[in-house]
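Below is one structure, written out as structure tokens, with a few remarks after it.
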Amino acid sequence: MIIDCHTHLEFYPDKKFGAQEIVASMKKAKIKKALVYAGEMFNCANEKLLCESSLFKGILFPIASISPLSQNRSTPEQIEEWLAGKKIYGLKFYTGYEHFYPSDKILRPYLNLLEKYNQPAIFHSGDTWNQAKDAKLKYAHPLIFDDLASDLPNLKIVIAHFGNPWAKDAAEVSYKNKNVYIDCSGLVYDSVKPQDKILLKRLFSDYLLFGGSTDKLLFGTDWNLCDQKGYVGYINRLQLTKKEKENIFYKTAQSLFNLYD
Ligand SMILES: [Zn+2]
């Protein structure tokens with residue numbers, strides 16, 4: 001079984017990457033379930049995400065997004081209703097793109113709800129897409145998640161993208177804090193090319209060498225940025241044991257996002 005822990009639905013006037021499109025891609029890649037993220041930068045509001053993913057219950061699992069500096073952000077009351085009703089399975093934050101630190105007090109009501117309902121906070125980390133307006137790396141370095149992980153030890157945190165290129169730092173934050181997980185999404189654009197294989201191999205080996213564990217590593221692609229089938233193929237070819245691959249591909253995701261039912 002394969003669960004893709006990191007995908008985005010995107011809606012623009014001239015094109016869309018919605019529920020139908022991701023499910024078609026998942027079929028080709030033999031991916032059974034996917035966590036699908038909302039995000040202002042992808043023109044996908046939380047309500048739109050919920051509406052789209054409701055077409056594929058048991059296959060698509062929504063992750064709402066909070067842009068704390070935006071007037072349009074969902075209220076904590078709304079988020080609690082969705083968490084309590086199992087309409088959402090976590091929250092995604094775009095710190096580097098939207099300029100806030102994860103320990104900012106404005107996030108606390110939302111993070112406390114995630115603790116209460118035992119669902120994770122997922123943070124974009126590392127490289128920020130250089131065409132996005134005003135993205136700032138100081139809000140995206142993996143080390144900034146250590147404060148939050150220490151202050152809220154019962155909050156489950158995912159540092160996305162290995163914190164690329166700072167996989168060593170991401171590994172250390174995860175090694176030190178039992179509540180910090182890492183995902184390996186978003187390291188490749190389109191298909192996996194020869195130069196991507198060098199980067200992926202290096203990030204995986206840095207992560208594992210500096211204390212990162214395959215027990216807390218999640219498979220994710222960052223679809224529609226990357227071809228899911230190619231990404232699955234690449235991970236399958238890594239020199240990992242069967243047990244390690246099972247953890248990465250689905251076991252850790254099942255327990256982290258409470259996907260058993
Ligand atoms: Zn992403």
First measure r as the distance between the Cβ atoms of K15 and S205, then evaluate 1/(1 + (r/R0)^6) with R0 = 30 Å and state the FRET efficiency to the nearest 0.05.
-> 0.25
Contour minus Cα-Cα span, A84 to V23, at 0.36 nm per residue, comes to 19.4 nm
Over all pairs of different Cα atoms in the chain, the reciprocal of the mean inverse distance gives a Kirkwood radius in Å of 18.1
Lysine pairs in region 122-181 8 or more apart or on different chains: how many have alpha carbons under 24 angstrom apart?
-> 10
For the chain, what is the mean residue ellipticity at 222 nm derived from helices alone (per DSSP H run of n ≥ 4: -39500 (n - 2.57); sum divided by total residues; nearest 500 deg cm²/dmol)?
-> -10500 deg cm²/dmol
Aspartates and glutamates near K242 by alpha-carbon distance under 16 Å, same-chain residues fewer than 8 away left out - which ones?
-> D215
For L256, L9, L55, ascending order of other Cβ atoms within 10 Å (fewest first) is L55, L256, L9
With labels modelled as points extended 7 Å from the Cα through the Cβ direction, what inter-label distance (nm, one decimal) is found for S191 paired with K136?
-> 4.0
How far is it, in nm, from the label point at E47 to the one at L69 when both lie 7 Å from their Cα along the line to the Cβ?
-> 2.5
Looking at the chain, do any whole DSSP H helices span at least 20 angstrom along their long axis by alpha carbon and average 1.0 or above on Kyte-Doolittle, and which?
-> none
Looking only at aspartates and glutamates whose Cα falls under 15 Å of K32's and that sit 8 or more positions away or on another chain, we get D4, E21, E246, D261
Nearby aspartates and glutamates by direct alpha-carbon distance to K16 (threshold 18 angstrom, same-chain neighbours under 8 apart not counted) = E40, E47, E52, D190, D222, D227
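No value in this document is a laboratory result; all are computed from the given coordinates. Keep in mind the model is a prediction, meaning the values are calculated, not measured. Neighbour counts are summed over all protein chains in view; Cβ atoms, including those assigned to glycine, are modelled from backbone coordinates with ideal geometry.
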